[in-house]
Ligand code: ADP
Ligand code: 5GP
């Protein structure tokens, strides 16, 4: 059986990564999504085991100590981590798994699975556009938006080390580009089952 691929998408908050990932998942019903562990509380509409595994700080710490996580980071005051069991599920099933993790987490996944992972960095067209999208989304208050924008220079610098960079200016074009990258890295036999 063909070995699966880990498609890792990262971006500064507000770049459109979630929108693009949803469009890709909709196009390929057979594609898997890596469900991360987090200590942040669920947002309205989020489901345990579908969006995240929501853990207490103690439970998360226990997972770190037992070696259950491929990588973990503290982001905006909460802990987030990729579960080894999710990666194993993708590689075992010989399919494509999409990862939505921060830039540092993405580079850690590449280090552990250099031949199985493809890193895609989604870039906003400009800093101003990013700021505007976060304001329009209306999901965070001003202080939280400022905290997210503070990380952008670090994210742009780390994004330069990714396999691919896609500018999300026109959403449709960005989705097509991400789709093309995934197809280029996916065995045709796997593609027919997606
Ligand atoms: P992220 O997951 O990277 O934080 P989202 O996918 O939530 O970002 O997108 C941030 C906001 O920008 C959302 O309101 C989304 O509808 C909007 N958006 C996404 N892509 C575009 C685009 N190409 N042009 C304009 N607005 C966009
Ligand atoms: P949110 O709270 O908006 O869902 O996610 C905040 C940030 O955490 C996003 O940049 C998201 O990509 C990142 N993230 C989600 N899961 C993981 C993970 O398992 N590992 C790492 N390193 N980052 C993650």
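The values are calculated or read from the model by the stated rules, or taken from the named source; none is laboratory data. The shown structure was predicted, so the numbers you read here are calculated from the model rather than taken from an experiment. Using ideal geometry, Cβ is built from the backbone for each residue, glycine included, and neighbour counts are taken over all protein chains shown.
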* Between residues in region 119-138 that are within 18 Å of residue 175 (Cα to Cα) and part of a helix (DSSP H, G or I) and residues that are modelled with pLDDT of 95 or more and more than 8 Å from ligand 1 (Cβ to nearest atom), which pairs lie under 6 Å by C-beta distance while being six or more apart or on different chains? -> 130/124
* Asked: Before we move on, is residue 114 surrounded by fewer than 19 Cβ atoms within 10 Å (Cβ to Cβ), touching a residue at least 12 places away in the same chain (Cβ under 8 Å) and in a loop (DSSP other than H, G, I, E, B)?
  -> no
* Structure fact -> Exception for residue 55 within (1) touching a residue at least 60 places away in the same chain (Cβ under 8 Å); (2) within 30 Å of residue 140 (Cα to Cα); (3) over 18 Å from the mean Cα position of the chain (by Cα) falls at (1)
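Here's a check for you: in region 30-42, which residue that is in a loop (DSSP other than H, G, I, E, B) and touching a residue at least 40 places away in the same chain (Cβ under 8 Å) is farthest from ligand 2 (Cβ to nearest atom)?
30
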* Structure fact -> Picked from region 117-137 (must be more than 22 Å from residue 177 (Cα to Cα) and surrounded by 15 or more Cβ atoms within 10 Å (Cβ to Cβ)), the residue farthest from ligand 2 (Cβ to nearest atom) is 131
* State whether one or more residues within region 2-15 are closer than 19 Å to residue 117 by Cβ, more than 11 Å from ligand 2 (Cβ to nearest atom), crowded, with 17+ Cβ neighbours inside 10 Å and modelled with pLDDT of 95 or more. => yes
* Structure fact -> How many residues of region 169-184 are surrounded by 15 or more Cβ atoms within 10 Å (Cβ to Cβ) and assigned to a loop (DSSP other than H, G, I, E, B)? The answer is 0
* To do: Please enumerate the residues belonging to region 88-128 that are under 13 Å from the mean Cα position of the chain (by Cα) and either at pLDDT below 95 or within 16 Å of residue 187 (Cβ to Cβ) (or both).
  => 97, 117, 118
* To do: Would you be able to say whether some residue in region 61-79 is in a helix (DSSP H, G or I) and in contact (Cβ under 8 Å) with a residue 24 or more places away in the chain?
  => yes
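What number of residues within region 40-65 are over 20 Å from residue 98 (Cα atoms) and either modelled with pLDDT of 95 or more or within 16 Å of ligand 1 (Cβ to nearest atom) (or both)?
Within region 40-65, residues that are over 20 Å from residue 98 (Cα atoms) and either modelled with pLDDT of 95 or more or within 16 Å of ligand 1 (Cβ to nearest atom) (or both) number 15.
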* **Candidates 140, 189 - the one that is over 14 Å from the mean Cα position of the chain (by Cα) and within 16 Å of ligand 2 (Cβ to nearest atom)** => 140
* Where a residue in region 3-26 is in contact (Cβ under 8 Å) with a residue 40 or more places away in the chain and its partner, wherever it lies, is within 10 Å of ligand 2 (Cβ to nearest atom) and assigned to a strand (DSSP E or B), with Cβ under 6 Å and at least six apart -> 8/99; 9/100; 17/9; 21/9; 21/100
* To do: Answer yes if at least one residue in region 16-28 is in a helix (DSSP H, G or I), under 23 Å from residue 142 (Cβ atoms) and within 10 Å of ligand 2 (Cβ to nearest atom), and no otherwise.
  => yes
